[in-house]
1. Quick test of your reading of the structure: Asp154 fulfils all but one of (1) in contact (Cβ under 8 Å) with a residue 24 or more places away in the chain; (2) in a loop (DSSP other than H, G, I, E, B); (3) more than 30 Å from Ile18 (Cα to Cα); (4) not small (Gly, Ala, Ser). Name the failing condition by number.
2. Consider Glu106 against the criteria (1) out of contact with any helix residue (DSSP H, G or I) (no Cβ under 8 Å at 6 or more places or on another chain); (2) open to solvent by 70 Å² or more (accessible area, probe 1.4 Å); (3) within 30 Å of Phe177 (Cβ to Cβ): it satisfies all of them except one. Which criterion is unmet?
3. For the subset of the stretch 181-196 comprising residues that are closer than 13 Å to Tyr207 by Cβ and out of contact with any strand residue (DSSP E or B) (no Cβ under 8 Å at 6 or more places or on another chain), which member is farthest from the ligand (Cβ to nearest atom)?
4. Which ones in the stretch 131-150 are assigned to a helix (DSSP H, G or I) and more than 10 Å from the ligand (Cβ to nearest atom)?
5. Consider Val114 against the criteria (1) surrounded by fewer than 17 Cβ atoms within 10 Å (Cβ to Cβ); (2) in the same structural domain as Asn168 (by TED's automatic domain parsing): it satisfies all of them except one. Which criterion is unmet?
6. Check whether at least one residue in the stretch 112-130 is more than 16 Å from the ligand (Cβ to nearest atom), over 26 Å from Lys189 (Cβ atoms) and of a type outside the set (Lys, Arg), and report yes or no.
7. With respect to Ile133, is the statement that it is under 20 Å from Ile97 (Cα atoms) and under 21 Å from the mean Cα position of the chain (by Cα) true?
8. Among the numbered criteria (1) over 20 Å from Glu106 (Cα atoms); (2) surrounded by 13 or more Cβ atoms within 10 Å (Cβ to Cβ); (3) in contact (Cβ under 8 Å) with a residue 60 or more places away in the chain, which single criterion is violated by Tyr231?
Amino acid sequence: MRFGIIQYPAKLSLSEKIFNEYFKEININAIYEGININPEDFDLKIKNILDNYFGLNITVPFKERVFKYLSAATDSAIFLSAINTIHKGIGYNTDWIGFYNSIKNEDLNGKIMVFGAGGAARAILYGLYKLGIDKVVLINRTYDRAIKLKNLFDKKMDIKVLDFDKLNEEIKDTNVFINTTSIGMFGEKIPLRLSNNINLVYDVVYYATPLQNEAKEKGIKFINGKMMWYYQAIENLKIWNIYDERIFNKIKL
Ligand code: ATR
């Protein structure tokens, strides 16, 4: 069985590493590969890839471009305009489910602030909506992008968009802070100080960031992006019909 992740540029993803370990553990004859396509060649190559892989992931910058090559997509993938998992010609979005399952047992009472307004923010807002959250504050460097996201969720939740320079002021009475940007991946700092009010920090970055370190120092609970990856991976394995909970639990992230 062949599996893979369609991506650009080439990189060794957590998916490639962990899924191959998992395949060994469950003893199936399968391989998971990084499939690197130059965006210019996408339309030329995608059909052949779809025909030759049992299960696929698809990531930036192709999550939207793949729609027209599939026979169907789930409602959530259509709403989010993003597919990250494919099986038998059907497109799924498991990013939001990954977020949902990684945060569903946390205390989400009080004010929630989402930072960033890209693809990850879209999936996370959808996850919050599915968790029954009806109000969030959204701050992004580019204001207009945040407004677009607010409009997308128009009928679903009340999103208050604030200017980027309000970040530090607004954080003072925030209870849950969610970073959806890649800031921190290379040690960069988000221009804010975590206040005493915060009881949960969620950071989509996989590895330790200054934000996560600050939370740790201040004794604030934080969840990092590996958990979102972990729970979306479970959903992928379920879609591909190869999920064994006991064995997947044993894999170290
Ligand atoms: P993803 O799919 O990972 O969310 P994206 O759609 O490119 O990626 O979105 C990246 C997000 O991170 C955006 O909200 C972006 O802000 P802009 O909309 O202003 O571009 C934010 N971002 C990335 N680098 C940033 C930085 N150095 N400072 C502030 N925001 C940043």
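The values are calculated or read from the model by the stated rules, or taken from the named source; none is laboratory data. None of these values were measured; they are calculated from a predicted model. When we count neighbours, we look across all protein chains shown, and the Cβ atoms used for this are built from the backbone with ideal geometry, even at glycine. Calculation scope for accessible area: heavy atoms of the full protein, side chains included, ligands and nucleic acids excluded. Shrake-Rupley method; radii C 1.70, N 1.55, O 1.52, S 1.80 Å.
1. (1)
2. Unmet for Glu106, out of (1) out of contact with any helix residue (DSSP H, G or I) (no Cβ under 8 Å at 6 or more places or on another chain); (2) open to solvent by 70 Å² or more (accessible area, probe 1.4 Å); (3) within 30 Å of Phe177 (Cβ to Cβ): (2).
3. First, the residues of the stretch 181-196 that are closer than 13 Å to Tyr207 by Cβ: 182-188.
Those still in the list that are out of contact with any strand residue (DSSP E or B) (no Cβ under 8 Å at 6 or more places or on another chain) too: 182-183, 185-188.
Numbers: Ser182: 6, Ile183: 5, Met185: 9, Phe186: 10, Gly187: 12, Glu188: 7 Å.
Top of the filtered list is Gly187.
4. Applying the first criterion (assigned to a helix (DSSP H, G or I)) to the stretch 131-150 yields 143-150.
Ile147, Lys150, listed by residue number.
5. The single condition Val114 does not satisfy is (1).
6. Yes, the stretch 112-130 contains at least one residue that is more than 16 Å from the ligand (Cβ to nearest atom), over 26 Å from Lys189 (Cβ atoms) and of a type outside the set (Lys, Arg).
7. Values: under 20 Å from Ile97 (Cα atoms): yes; under 21 Å from the mean Cα position of the chain (by Cα): yes.
Spelling it out, Ile133 is indeed under 20 Å from Ile97 (Cα atoms) and under 21 Å from the mean Cα position of the chain (by Cα).
8. (1)
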